[in-house]
Structure formats: structure tokens, C-alpha cells
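A.B. asks: One structure follows; several queries about it will come next.
The values are calculated or read from the model by the stated rules, or taken from the named source; none is laboratory data. Since the structure is predicted, the reported quantities are computational estimates derived from the model, not experimental observations. Backbone-built Cβ (ideal geometry, glycine too); neighbour counts: all protein chains shown. Ligands, DNA and RNA are excluded from the accessible area calculation, which covers all protein heavy atoms including side chains. Shrake-Rupley method; radii C 1.70, N 1.55, O 1.52, S 1.80 Å.
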Amino acid sequence: SLGMIVPDAANPFFAEVARGVETCAFSLGYTVILCNSDGDLVREQAYLDVLIEKRVDGIVFVAAGESRDHFQSLLEQEIQVVVVDRDMPGLKVDCVLVDNYDGGLQATAHLIHHGHRRIACLAGPHEVTPSADRVRGYRQALADAGIRFDPALLVYGDFHTDSGYLAAAELLELPDRPTAIFVCNDLMAIGVMAAVQEAGLRIPRNMAVVGFDDIALASYSLPRLTTVAQPSQKMGELAAQLLVARIENPDRSPERHLLLTRLVVRESA
């Protein structure tokens with residue numbers, strides 16, 4: 001059996017990753033125990049303890065945040081681990097990542113290409129590496145276009161829909177409000193669109209919105225959401241393959257896989 005810990009089992013992105021892990025693991029003769037840390041480090045440690053007690057053969061780990069100590073304890077106990085969607089520099093562990101920096105760059109460059117200069121960014125939590133990398137891409141695209149970064153246009157949410165709604169309301173109150181918002185995940189982007197439309201603005205005429213993830217709901221929102229697609233199911237499948245290979249050969253060198261993102265242009269931008 002394999003364990004898998006995710007920070008938010010209700011987030012469609014993590015659900016797709018988990019589906020990829022389960023599908024691949026089952027085909028290789030493994031069952032998967034899924035645990036939801038809810039982004040809480042204490043809960044994350046409790047689930048790690050449970051998985052260790054159940055003597056799982058390995059763990060697919062999407063960290064809640066600053067989880068370096070948790071990784072280190074697993075490695076010291078010789079528990080095989082694959083890290084997904086979180087970069088842990090300095091730790092000798094297999095990991096599957098996406099190029100979040102380039103995704104943020106693509107999203108912001110798309111908005112700049114369509115004439116936007118006042119572009120806000122709604123980021124996820126500070127301590128989560130994918131969010132930080134997407135913000136770096138956003139800022140690089142602004143710099144490449146000669147647009148001055150305005151700290152008032154960088155706001156933070158928690159990757160949930162309601163935080164997108166509240167952040168958008170805050171941005172709309174600015175004296176010089178943005179004409180476009182790059183949102184660092186699709187759930188928050190859906191909240192952003194609701195707030196924008198409730199304010200009497202039209203998307204994309206009065207406010208363009210670009211998300212990140214390309215969850216299934218992005219194709220059915222009104223308007224349909226332009227977003228940066230992650231290969232979520234492929235991430236899960238690759239993680240399961242790496243973990244089983246590590247279980248079968250613990251001495252093999254760690255592998256770091258960086259998968260590409262792609263911009264999916266729809267109606268919101």
C-alpha cells in the first residue's frame with residue numbers, strides 16, 4: 001500500500017493528482033490511502049504517524065507548507081517518499097513539479113499582449129512554493145514589458161473561492177483599480193469573477209481574468225475561464241511510478257521532473 005497526503009482534498013487540482021496516483025498505483029499492484037492535511041502542519045504530522053504505523057510501502061507527499069522537518073524525519077526512518085507540487089531544495093528525494101514560473105509569465109504576458117498595463121496578481125499563501133514561483137513569473141513579465149510593479153496590486157488569498165471573492169472586492173476599491181487580474185489558482189479566479197460581476201462590471205470588457213490549474217469547472221464558468229493548464233493527472237501518474245521504482249530500488253539516484261504548463265485561452269481574457 002501507498003500513502004498520499006494532500007493539503008486540500010476538496011480542491012479539484014489535488015483530486016486530479018490523486019486520481020493519477022491511484023490509477024497508476026493500482027495498475028502496479030498497490031492500493032492508496034488518501035489523507036487530507038487541510039494545510040495544517042500538526043494534522044499533517046498526525047497523518048504521517050498513522051501511515052508509518054500502518055507500514056505503508058511509501059508516501060506521495062504534497063506538503064502543507066514549511067514541512068522540511070517532516071520530510072527529514074521520513075527519510076531518517078527510511079520511508080520512501082516522492083514530493084509533488086512542492087520544491088524542497090537540498091533534500092535528496094524524488095520530486096514532480098511544474099514550471100510555475102513560466103506559467104505566471106505566460107498568463108501575465110497574455111494580458112499585456114491584449115493591452116493591459118494595470119494588472120493585479122492574486123497569489124496563494126506566502127509559504128507555498130508554487131504560488132511564489134507564479135508571482136515571480138508575473139513580476140518578470142511586467143519587467144519585460146517595462147511596466148513598473150505596484151505593490152498595491154499584489155494581494156494574497158488561500159487558494160479557496162471565498163478568498164478570491166474578498167480579494168477582488170479589495171482590488172475594486174482601489175482609486176486606480178486594475179483592468180486585469182492574474183489569479184494563482186482557478187478556485188480563487190471563480191471567486192474573483194463573481195465579485196467583479198456583482199460590482200456591475202463585465203468580463204473581459206471591464207476586467208480580464210486569468211486563472212491557473214485548468215480544473216474542469218474552468219470550461220463551464222460564465223464566461224469560460226482563460227487559465228494556465230497543469231498536467232495534474234500526469235503529475236500523479238509520474239509520482240506513483242517514481243515511488244514504486246524507489247521502493248523496488250532504494251539506492252537509485254533521486255529524480256527531479258519539471259513538467260510544462262500551457263496557456264488555455266477562453267473568454268475571460
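A.B. asks: Please identify the pairs in which a residue from segment 255-269 that is within 9 Å of residue 98 (Cβ to Cβ) has its Cβ atom under 6 Å from the Cβ atom of a residue that is polar (S, T, N, Q) and open to solvent by less than 30 Å² (accessible area, probe 1.4 Å), counting only partners at least 6 apart or on another chain.
C.D. replies: Final answer for the pair search is 261/230.
A.B. asks: I've got another one for you. Picking from 76, 44, which residue would you name as being at pLDDT below 90 and either farther than 24 Å from residue 249 by Cα or among the acidic types (Asp, Glu) (or both)? Full working, then the answer.
C.D. replies: Details: 44 fails: at pLDDT below 90.
When all the criteria are applied, what remains is 76.
A.B. asks: Hey, does segment 229-248 have a residue that's open to solvent by less than 50 Å² (accessible area, probe 1.4 Å) and within 15 Å of residue 134 (Cβ to Cβ)?
C.D. replies: Checked against the condition, which is being open to solvent by less than 50 Å² (accessible area, probe 1.4 Å) and within 15 Å of residue 134 (Cβ to Cβ), segment 229-248 yields at least one hit.
A.B. asks: Can you name the condition, by its number, that residue 69 falls short on among (1) at pLDDT below 90; (2) over 17 Å from the mean Cα position of the chain (by Cα); (3) assigned to a loop (DSSP other than H, G, I, E, B); (4) farther than 23 Å from residue 137 by Cα?
C.D. replies: (3)
A.B. asks: Here is a further query. May I ask you to list the residues in segment 15-38 that are without any contact (Cβ under 8 Å) to a residue 60 or more places away in the chain and either assigned to a helix (DSSP H, G or I) or at positive phi (or both)?
C.D. replies: Selection gives 15, 26, 27, 29, 38.
A.B. asks: Would you point out the residue of segment 185-211, among those that are over 20 Å from residue 264 (Cα atoms) and among the polar types (S, T, N, Q), that is farthest from the chain's Cα centre (by Cα)?
C.D. replies: This residue is 206.
A.B. asks: Still on this model: Give segment 46-66 a look and list any residue that's surrounded by 16 or more Cβ atoms within 10 Å (Cβ to Cβ) and within 22 Å of the chain's Cα centre (by Cα), or say none.
C.D. replies: Those that are surrounded by 16 or more Cβ atoms within 10 Å (Cβ to Cβ) and within 22 Å of the chain's Cα centre (by Cα): 47, 48, 59, 60, 61, 62, 63, 64, 65.
A.B. asks: Right, here's the next one. Would you please name the residue that is nearest to residue 1 (Cα to Cα), looking only at residues in segment 222-254 that are modelled with pLDDT of 95 or more, outside any helix (DSSP H, G or I) and in contact with a Leu (Cβ under 9 Å, 6 or more places away or on another chain)?
C.D. replies: 231
A.B. asks: Let me ask you something else. Report those strands (runs of 3 or more DSSP E) wholly inside segment 105-194 carrying at least 1 residues which are in contact with a strand residue (DSSP E or B) (Cβ under 6 Å, 6 or more places away or on another chain) and surrounded by fewer than 18 Cβ atoms within 10 Å (Cβ to Cβ). Quick ask: steps written out before the conclusion?
C.D. replies: Numbers: elements: 119-123, 154-156, 180-183.
The qualifying strands (runs of 3 or more DSSP E) are 154-156.
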